[in-house]
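Participant: Let me give you the structure first, and then I'll get to my questions.
The values are calculated or read from the model by the stated rules, or taken from the named source; none is laboratory data. Quantities reported herein were computed from a predicted structural model and do not represent experimental measurements. Cβ atoms come from the backbone with ideal geometry, glycine included; neighbour counts cover every protein chain shown. These area figures cover heavy atoms from the full protein model, side chains too; ligands, DNA and RNA do not enter into them. Shrake-Rupley method; radii C 1.70, N 1.55, O 1.52, S 1.80 Å.
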Amino acid sequence: MALGVVLAASACSSGGSGSASSDGKVTLSYGVWDATQKSAMEELGKAFTKTHPNISIKVELTPWADYWTKLKAAATGGSAPDVFWMNGPNFQLYASNGVIRPLDDDIAKDKVPLSAYPKQLVDLYTYQGKHYGLPKDMDTVGVWYNKALFDAAKVPYPKAGWTWSDFQQAAAKLTDSSKGQYGTDAELTSFQEYQYNTIAQAGGHVISADGKKSGYDDPKTIEGLRFWTDLIAKKESPDLKTMTDTAPLQLFEAGKIAMYWGGSWDATEFGGNSYTRTHVDVAPLPKGVKQATVIHGVANVVSARTHHADQAWQFVKFLGSKQAADIFGAKGTMPAYNGTQGAWIAAHPQFKLQTFLDELPYAVPFPVSKDTAAWNEEELTYLTKVWNGDESLDKAAKELATAMNASLAKE
């Protein structure tokens, strides 16, 4: 595992990109990837410094497309930010290679209540029984729908309790080829918003609970994938080439797609877009064999090589507090701290954002393993053939399971 070798090398390096002055004041570097949240993170840094005047925060923004490449290089060179954002798919790789610092002693010393966050997120950032991060935010997935297109087609708006059958009937009625309008989109590049949800709704699974075996050869998992390929076959979704040429998000914002499966984080995007601001709303995901939505969230972690471990922990503890969640919720995405989501909902009153919170009781964990990136690449490789119509779903899914099992065996 080349990436693991690279990261393991970083554990032997000295480093940390923060700085200290002769008067004892410390500047912590804080790595983030979302430009829309940078100002909120800077505000949090200033709020922290008010109570910790000897510690200032320098927010370092690296766009998502370059974030992991840059972080890997920085970790290898011993200059990773003192504190940085971590996601589920990458977490175990960084934890297992000693790039980030376990926080259990600090959590116990300062009596930080892990029960303040959804258990799925606490578990997501736990590796071999150790906790490595405090959840920053959380997200579930809903169906963002275009009210104007629903009204024009005289289709009732979706509501709680609707089913796959309801969704499929609506997609058929909302498709109008003469207008280049589709009922929905079967996107392949975001499994979090699409395939992982329908796989769980069909009763299938992506990876076994022990992280050792692929679930892609499970007939129930295949049914969760067929939900999407059927929509392409019926031309109720754009084909893969169309979605590659123009991202489904852009088609939705142009009024060409009626139902878009998107996350709670899309509230910022749709609230800032002049068209979607007034034309769209959100409903829960439709129910298959059972109800399900994937839950995920970002965590704040501490570099194992930081020269300022105590100060970095103090900052991470603040970022995981109710005070920080209240500040963040009004300007960012949905905070992870239980009971603090009101400010986020109030910031977007035109959307039914309570929908995302109501989904929490049946939310399922984001599927990960130690080297998630390896089989994420295989998912795209094998399923692209199906989305293009070059291979049957059943054959490709079983081939994907074989390839994924081989990758898991190397972990």
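Participant: In the list 50, 72, 46, which residue meets the criterion of being in contact with a Leu (Cβ under 9 Å, 6 or more places away or on another chain) and either surrounded by fewer than 21 Cβ atoms within 10 Å (Cβ to Cβ) or touching a residue at least 40 places away in the same chain (Cβ under 8 Å) (or both)? Talk me through it step by step, then tell me what you get.
Facilitator: Numbers: 50 fails: in contact with a Leu (Cβ under 9 Å, 6 or more places away or on another chain); 46 fails: in contact with a Leu (Cβ under 9 Å, 6 or more places away or on another chain).
Answer to the selection: 72.
Participant: May I ask you to list the residues in segment 106-135 that are basic (Lys, Arg) and not in a strand (DSSP E or B)? First the steps, then the outcome.
Facilitator: Taking segment 106-135 first, the residues basic (Lys, Arg) are 109, 111, 119, 130.
Residues satisfying the conditions are 109, 111, 119.
Participant: Further question: Mind telling me which of the residues 108, 75 ends up being modelled with pLDDT of 95 or more, of a type in the set (Gly, Ala, Ser) and farther than 19 Å from residue 366 by Cα? It would help to see each step written out before you state the result.
Facilitator: Numbers: 75 fails: modelled with pLDDT of 95 or more.
After applying the criteria, what remains is 108.
Participant: Step by step: first the residues of segment 346-396, then only those that are in contact with a strand residue (DSSP E or B) (Cβ under 9 Å, 6 or more places away or on another chain) and of a type in the set (Lys, Arg), then the one that is nearest to residue 210 (Cα to Cα). Which residue is that?
Facilitator: Applying the filter and picking the extreme gives 370.
Participant: Restricting attention to segment 250-283, which residues are of a type in the set (A, V, I, L, M), more than 14 Å from residue 347 (Cβ to Cβ) and buried (at least 17 other Cβ atoms within 10 Å of the Cβ)? Spell out the reasoning first.
Facilitator: Step one: filter segment 250-283 for residues of a type in the set (A, V, I, L, M), giving 251, 254, 257-259, 267, 280, 282-283.
Remaining after also requiring more than 14 Å from residue 347 (Cβ to Cβ): 251, 254, 257-259, 280, 282-283.
Across segment 250-283, the qualifying residues are 251, 257, 258, 259, 280, 282, 283.
Participant: If you check every pair at least six apart or on different chains, which have Cβ atoms under 8 Å apart with a residue in segment 295-317 that is more than 24 Å from residue 139 (Cα to Cα) first and a residue that is part of a strand (DSSP E or B) and modelled with pLDDT under 95 second?
Facilitator: As it stands, the answer is 307/20; 308/20, since those pairs meet every condition given.
Participant: Can you go through 231, 249 and tell me which one is closer than 30 Å to residue 278 by Cα, hydrophobic (A, V, I, L, M, F, W, C), part of a helix (DSSP H, G or I) and out of contact with any Ser or Thr (no Cβ under 9 Å at 6 or more places or on another chain)? Quick ask: steps written out before the conclusion?
Facilitator: Details: 231 fails: out of contact with any Ser or Thr (no Cβ under 9 Å at 6 or more places or on another chain).
Answer to the selection: 249.
Participant: Of all the residues that make up segment 86-105, how many are open to solvent by 20 Å² or more (accessible area, probe 1.4 Å), in contact with a helix residue (DSSP H, G or I) (Cβ under 8 Å, 6 or more places away or on another chain) and assigned to a helix (DSSP H, G or I)?
Facilitator: Selection size over segment 86-105: 4.
Participant: Being assigned to a helix (DSSP H, G or I) and open to solvent by 50 Å² or more (accessible area, probe 1.4 Å) is the filter; apply it to segment 312-346 and report the residue that is farthest from residue 157 (Cα to Cα). Let's see the steps before the verdict.
Facilitator: Going residue by residue through segment 312-346, those that are assigned to a helix (DSSP H, G or I) are 312-319, 322-331, 342-346.
Still in the list and also open to solvent by 50 Å² or more (accessible area, probe 1.4 Å): 317, 322-323, 326, 330-331, 346.
Values: 317: 42, 322: 35, 323: 37, 326: 32, 330: 28, 331: 28, 346: 22 Å.
Across segment 312-346, the extreme among qualifying residues is 317.
Participant: Of all residues being among the small types (Gly, Ala, Ser) and open to solvent by 20 Å² or more (accessible area, probe 1.4 Å) in segment 348-378, which is farthest from the chain's Cα centre (by Cα)? Just the residue, please.
Facilitator: Here is the first cut: in segment 348-378, the residues among the small types (Gly, Ala, Ser) are 363, 369, 373-374.
Narrowing further to those that are open to solvent by 20 Å² or more (accessible area, probe 1.4 Å): 373-374.
On the way: 373: 14, 374: 18 Å.
Among them, the one singled out is 374.
Participant: To continue, here is another question. More than 14 Å from residue 195 (Cβ to Cβ) and part of a helix (DSSP H, G or I): does that describe residue 349? Spell out the reasoning first.
Facilitator: On the way: more than 14 Å from residue 195 (Cβ to Cβ): yes; part of a helix (DSSP H, G or I): no.
In short, no.
Participant: Of the residues 81, 53, which single one is outside any strand (DSSP E or B) and closer than 16 Å to residue 300 by Cβ? Lay out the reasoning, then the answer.
Facilitator: Numbers: 53 fails: closer than 16 Å to residue 300 by Cβ.
After ruling out the rest, the residue left standing is 81.
Participant: Can we say residue 343 is of a type in the set (A, V, I, L, M, F, W, C) and under 25 Å from residue 219 (Cα atoms)? Quick ask: steps written out before the conclusion?
Facilitator: Numbers: of a type in the set (A, V, I, L, M, F, W, C): yes; under 25 Å from residue 219 (Cα atoms): no.
Answer is no for this residue.
Residue by residue, here is whether (1) closer than 30 Å to residue 399 by Cα; (2) open to solvent by 50 Å² or more (accessible area, probe 1.4 Å); (3) modelled with pLDDT of 95 or more holds:
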{"residue": "116", "(1), (2), (3)": "no, no, yes"}
{"residue": "122", "(1), (2), (3)": "no, no, yes"}
{"residue": "143", "(1), (2), (3)": "no, no, yes"}
{"residue": "148", "(1), (2), (3)": "no, no, yes"}
{"residue": "154", "(1), (2), (3)": "no, yes, yes"}
{"residue": "169", "(1), (2), (3)": "no, yes, yes"}
{"residue": "189", "(1), (2), (3)": "yes, yes, no"}
{"residue": "209", "(1), (2), (3)": "yes, yes, no"}
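Participant: Against the condition within 28 Å of residue 385 (Cβ to Cβ) and open to solvent by 50 Å² or more (accessible area, probe 1.4 Å), how does residue 198 come out, does it pass? First the steps, then the outcome.
Facilitator: Numbers: within 28 Å of residue 385 (Cβ to Cβ): yes; open to solvent by 50 Å² or more (accessible area, probe 1.4 Å): no.
Spelling it out, it is not the case that residue 198 is within 28 Å of residue 385 (Cβ to Cβ) and open to solvent by 50 Å² or more (accessible area, probe 1.4 Å).
Participant: Now for a different question. Looking at (1) surrounded by fewer than 18 Cβ atoms within 10 Å (Cβ to Cβ); (2) at pLDDT 95 or above; (3) farther than 30 Å from residue 358 by Cα, can you tell me which one residue 13 breaks?
Facilitator: Only one criterion in (1) surrounded by fewer than 18 Cβ atoms within 10 Å (Cβ to Cβ); (2) at pLDDT 95 or above; (3) farther than 30 Å from residue 358 by Cα is unmet by residue 13, namely (2).
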